[in-house]
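Visitor: Before we start, here is the structure in question, set down as structure tokens.
The values are calculated or read from the model by the stated rules, or taken from the named source; none is laboratory data. What you see is a predicted model, and the numbers here were worked out from it, not measured in a lab. Here the Cβ is made from the backbone with ideal geometry for all residues, glycine too, and neighbour counts use every protein chain on show. The protein model used for the area step is the full one, side chains on, heavy atoms only, and it has no ligands, DNA or RNA in it. Shrake-Rupley method; radii C 1.70, N 1.55, O 1.52, S 1.80 Å.
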Amino acid sequence: MSAITVRHLHKTYRAPLREPGLRASLRHLVAPRYRTVVALRDVSFTIAPGEAVGYLGPNGAGKTTTLKILAGVLYPDAGQVEVLGFVPWQGRSAFKKRMAFVMGRKGQLWWDLPALDLFHLFREMYQVPAATFRRRLDDLAARFRVTDLLTVPVRNLSLGERMKLELIAALLHGPQVLFLDEPTLGLDVMAQHEIRDLLRAYVREEGLTLLMASHYMRDVEAICERVILLDEGRIRFDGPLTELKTRFAPHREVTVTFAAPPPSAPAAGWLVGREGPRFRWRVPRQEVPRLLQELTTRYEVDDLSVQEPALEDVLRQIFTTDAPASAPPAPGG
Amino acid sequence: MSWRPYFTTARLALREAATYRLNHFLSFVVAVVPLIALLLLWNTLLGPQQRLAGFTRGEMLTYFILTRWLYEFTGPVVWWDIAYEIREGDLIFHLLRPEWYSGYHFALIIGSKLPYALVGLAVAAPFALSVGVGWVWPPGVAAWAAFALSVVLAVALAYQFTFLSSLTAFWLEDNKAMNLLMDFVVPLAAGALLPLDVFPSAVATALRALPFAQLLYFPALVYLGRVDPGGWWAGVAQQVGWLVALLVINGWVWRRGLRRFRAVGG
């Protein structure tokens with residue numbers, strides 16, 4: 001049985017059209033004009049219990065809209081959604097107690113009060129037994145290294161510290177499904193790294209089902225095994241991260257620094273750069289072993305490296321070309 | 001449903017409000033200055049033996065000071081927090097939690113207004129003393145109880161107006177007009193500035209029929225002992241009737257609003 005099932009999901013928004021100028025403003029008062037924005041078109045996928053899935057796409061692709069529908073705060077125009085057997089927008093308490101949604105752009109803690117006060121309020125709302133709450137809080141505070149910060153007013157904390165406390169607030173009631181929307185947005189590199197590691201460990205140990213939208217590919221690479229690519233409201237790819245690279249980045253970049261300039265460079269793939277004794281080729285993946293063998297047996301080599309394209313580059317290539325990304329059937333559905 | 005989270009919310013709001021002590025001091029000053037001016041005006045207009053619309057000078061001053069204080073809780077407002085949450089998308093957090101949204105904000109209002117009400121009491125008390133022997137007290141324990149119940153219902157009714165006016169943020173990008181209505185028209189209709197009896201008879205009758213009169217005018221008259229038992233039951237029945245009607249309306253508006261909610265900015 002799936003933890004999350006989405007079938008033929010559609011969502012459109014109506015956005016007011018506001019032209020500049022006083023006349024246009026007056027006209028809008030009398031006869032407002034709107035444009036329809038299609039946020040999601042026939043989106044379908046399933047996620048198994050305990051699976052961690054990255055949800056990727058450019059701005060406006062429909063990622064956050066999907067998450068909000070799955071979390072039950074937006075109504076779809078059409079389609080079926082089930083999360084843990086619940087229809088999210090029916091807003092049942094039993095559903096809310098089993099899922100959590102964390103947004104990097106927004107926080108639910110009160111600015112002037114310590115997080116601990118709010119944690120106690122949430123404990124009462126979610127009706128978590130006191131002993132369970134204490135155990136979870138101690139565990140999460142220790143993991144996230146924020147035990148000393150629980151009694152500090154939120155306004156006095158750094159962005160990274162606040163994010164850790166927001167995550168704890170979302171996890172205290174023991175959700176089975178976690179939706180994350182840009183959880184490391186705006187954090188410095190160290191804080192991103194730390195939160196990524198903490199999330200990865202927690203999600204795996206607790207067996208959480210995770211759907212995470214992020215622009216930081218390192219977040220996705222670190223935490224998720226599977227990715228869904230969304231573009232203009234449609235799924236363009238759904239499958240393992242490794243398959244994404246294989247399919248959309250069939251080349252590797254081979255860089256070699258010769259001990260002495262060779263009389264002729266080996267023929268392989270495309271030579272994309274040359275600076276003195278340093279050569280760079282883009283080579284079809286299956287040709288890489290032959291090239292490496294040739295380089296190491298026929299030439300005197302100082303340095304040699306083979307690089308996979310970064311996920312960012314793969315995605316840029318996908319989203320900037322109109323080539324159909326041929327979404328395969330979703331695993332498990 | 002457990003009530004505990006809402007008591008905790010009110011307590012936290014009280015704690016949060018208590019962090020802004022300078023605000024309370026300033027609100028004290030802001031409350032005192034117009035009160036002095038208006039009391040001087042009443043003293044000038046009404047001699048010790050004079051009556052206005054059937055009110056003695058003591059009754060009028062008591063009514064005026066009492067309603068100034070009561071309005072802190074029984075005056076509907078556009079509650080900025082709700083309007084902001086709807087407009088900026090922060091409502092999403094409340095929808096995610098197993099929470100009674102209306103109850104949560106009611107608790108917030110009670111908690112955050114309590115310090116202001118206490119400051120208001122500190123402001124009102126010396127003025128009440130200054131009225132001296134003319135100050136009116138409820139005639140007995142039963143009158144106190146009747147007054148207390150009418151105030152409790154007025155507070156609940158006021159909040160339903162507050163909730164309704166704040167929910168307009170689902171449709172209106174700017175609630176300024178609603179604010180003006182709540183700040184200037186409703187107090188007049190509720191009898192915050194003058195007892196409704198002061199208005200021309202037709203206007204007074206019309207205003208008494210509106211729900212706003214149940215927020216302030218009715219409890220104040222109960223306090224002054226100007227309502228007989230039959231009138232009290234009728235008044236309480238009106239309060240309950242309006243309360244039920246607004247609960248139904250608010251439920252409908254809330255559900256319609258959620259359909260429009262876009263949860264922007266996430």
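Visitor: Return the residue satisfying two criteria in turn: it lies in segment B:47-57 and is open to solvent by 10 Å² or more (accessible area, probe 1.4 Å) and not polar (S, T, N, Q), and of such residues it is nearest to B:Trp135 (Cα to Cα).
Guide: First pass over segment B:47-57, keeping only residues open to solvent by 10 Å² or more (accessible area, probe 1.4 Å): B:47-54, B:56-57.
With the extra rule that they be not polar (S, T, N, Q), the set shrinks to B:47-48, B:51-54, B:57.
Values: B:Gly47: 15, B:Pro48: 12, B:Arg51: 15, B:Leu52: 16, B:Ala53: 18, B:Gly54: 16, B:Arg57: 9 Å.
The extreme case among them is B:Arg57.
Visitor: Right, something else. I'd like to know if segment B:139-158 contains one or more residues that are part of a helix (DSSP H, G or I), over 27 Å from B:Gly225 (Cβ atoms) and more than 14 Å from chain A (Cβ to nearest Cβ). Don't jump to the end; show me each part of the working.
Guide: Going through segment B:139-158, the residues part of a helix (DSSP H, G or I) turn out to be B:141-158.
Filter once more, so that each one left must be over 27 Å from B:Gly225 (Cβ atoms): none.
Checked against the condition, which is being part of a helix (DSSP H, G or I), over 27 Å from B:Gly225 (Cβ atoms) and more than 14 Å from chain A (Cβ to nearest Cβ), segment B:139-158 yields no hits at all.
Visitor: Filter the strands (runs of 3 or more DSSP E) completely within segment A:1-59 down to those with at least 2 residues that are over 23 Å from the mean Cα position of the chain (by Cα).
Guide: Values: elements: A:4-17, A:33-47, A:52-56.
The qualifying strands (runs of 3 or more DSSP E) are A:4-17, A:33-47.
Visitor: Also: Among the numbered criteria (1) away from every other protein chain (no Cβ under 13 Å); (2) at pLDDT 95 or above; (3) open to solvent by less than 10 Å² (accessible area, probe 1.4 Å); (4) out of contact with any helix residue (DSSP H, G or I) (no Cβ under 7 Å at 6 or more places or on another chain), which one does A:Leu67 miss?
Guide: Result: A:Leu67 passes all but (1).
Visitor: So which pairs qualify, if the first residue must be in segment B:42-58 and under 16 Å from B:Phe127 (Cα atoms), the second must be of a type in the set (Phe, Trp, Tyr), the Cβ gap must be under 8 Å, and the two must be at least 6 apart or on different chains?
Guide: Short answer, once both residue conditions are applied: B:Trp42/B:Phe64; B:Arg57/B:Trp42; B:Gly58/B:Trp135.
Visitor: Here's a follow-up. Can B:Gly132 be described as in a helix (DSSP H, G or I), at pLDDT below 85 and either within 14 Å of chain A (Cβ to nearest Cβ) or surrounded by fewer than 20 Cβ atoms within 10 Å (Cβ to Cβ) (or both)? Let's see the steps before the verdict.
Guide: Numbers: in a helix (DSSP H, G or I): yes; at pLDDT below 85: yes; either within 14 Å of chain A (Cβ to nearest Cβ) or surrounded by fewer than 20 Cβ atoms within 10 Å (Cβ to Cβ) (or both): yes.
So B:Gly132 fits the description; yes.
Visitor: Determine which member of the set A:Val102, A:Val73, A:Val81 is touching a helix residue (DSSP H, G or I) at 6+ places or on another chain (Cβ under 7 Å), within 7 Å of chain B (Cβ to nearest Cβ) and among the β-branched types (Val, Ile, Thr).
Guide: Values: A:Val102 fails: within 7 Å of chain B (Cβ to nearest Cβ); A:Val81 fails: within 7 Å of chain B (Cβ to nearest Cβ).
Unique residue meeting the criteria: A:Val73.
Visitor: Looking only at segment B:52-108, count how many residues are in contact with a Ser or Thr (Cβ under 8 Å, 6 or more places away or on another chain) and within 16 Å of B:Tyr217 (Cβ to Cβ).
Guide: Adding up the residues that qualify gives 1.
A quick yes/no check of all residues on (1) open to solvent by less than 10 Å² (accessible area, probe 1.4 Å); (2) not in a helix (DSSP H, G or I):
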position: B:Phe7; (1), (2): no, no
position: B:Leu12; (1), (2): yes, no
position: B:Thr44; (1), (2): no, no
position: B:Glu59; (1), (2): no, no
position: B:Trp69; (1), (2): no, no
position: B:Val78; (1), (2): no, yes
position: B:Glu85; (1), (2): no, no
position: B:Phe93; (1), (2): no, no
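Visitor: Tally up the residues in segment A:151-173 that are surrounded by fewer than 22 Cβ atoms within 10 Å (Cβ to Cβ), touching a strand residue (DSSP E or B) at 6+ places or on another chain (Cβ under 9 Å) and of a type outside the set (A, V, I, L, M, F, W, C), please.
Guide: 3
Visitor: Which residue pairs have Cβ atoms under 8 Å apart, sit 6 or more places apart or on different chains, and have a first residue in segment A:187-211 that is touching a residue at least 40 places away in the same chain (Cβ under 8 Å) and a second that is crowded, with 19+ Cβ neighbours inside 10 Å and of a type in the set (Asp, Glu)?
Guide: Within 8 Å, the pairs are A:Thr209/A:Glu51; A:Leu210/A:Glu51.
Visitor: Between residues in segment A:293-312 that are part of a helix (DSSP H, G or I) and residues that are surrounded by 14 or more Cβ atoms within 10 Å (Cβ to Cβ) and of a type outside the set (A, V, I, L, M), which pairs lie under 9 Å by C-beta distance while being six or more apart or on different chains?
Guide: Listed pairs, sorted by first residue: A:Glu294/A:Pro266; A:Leu295/A:Phe258; A:Leu295/A:Pro266; A:Arg298/A:Pro262; A:Arg298/A:Pro266; A:Leu311/A:Arg218; A:Leu311/A:Glu221; A:Leu311/A:Lys245.
Visitor: Within segment A:122-153, which residues are part of a helix (DSSP H, G or I), within 14 Å of chain B (Cβ to nearest Cβ), of a type in the set (A, V, I, L, M, F, W, C) and in contact (Cβ under 8 Å) with a residue 12 or more places away in the chain?
Guide: Of the residues in segment A:122-153, the ones part of a helix (DSSP H, G or I) are A:122-126, A:130-143, A:147-149.
Filter once more, keeping what is within 14 Å of chain B (Cβ to nearest Cβ): A:122-126, A:130, A:133.
From the residues that got through so far, the ones that are of a type in the set (A, V, I, L, M, F, W, C) too are A:122, A:125, A:130, A:133.
Scanning segment A:122-153 gives A:Phe122, A:Phe133.
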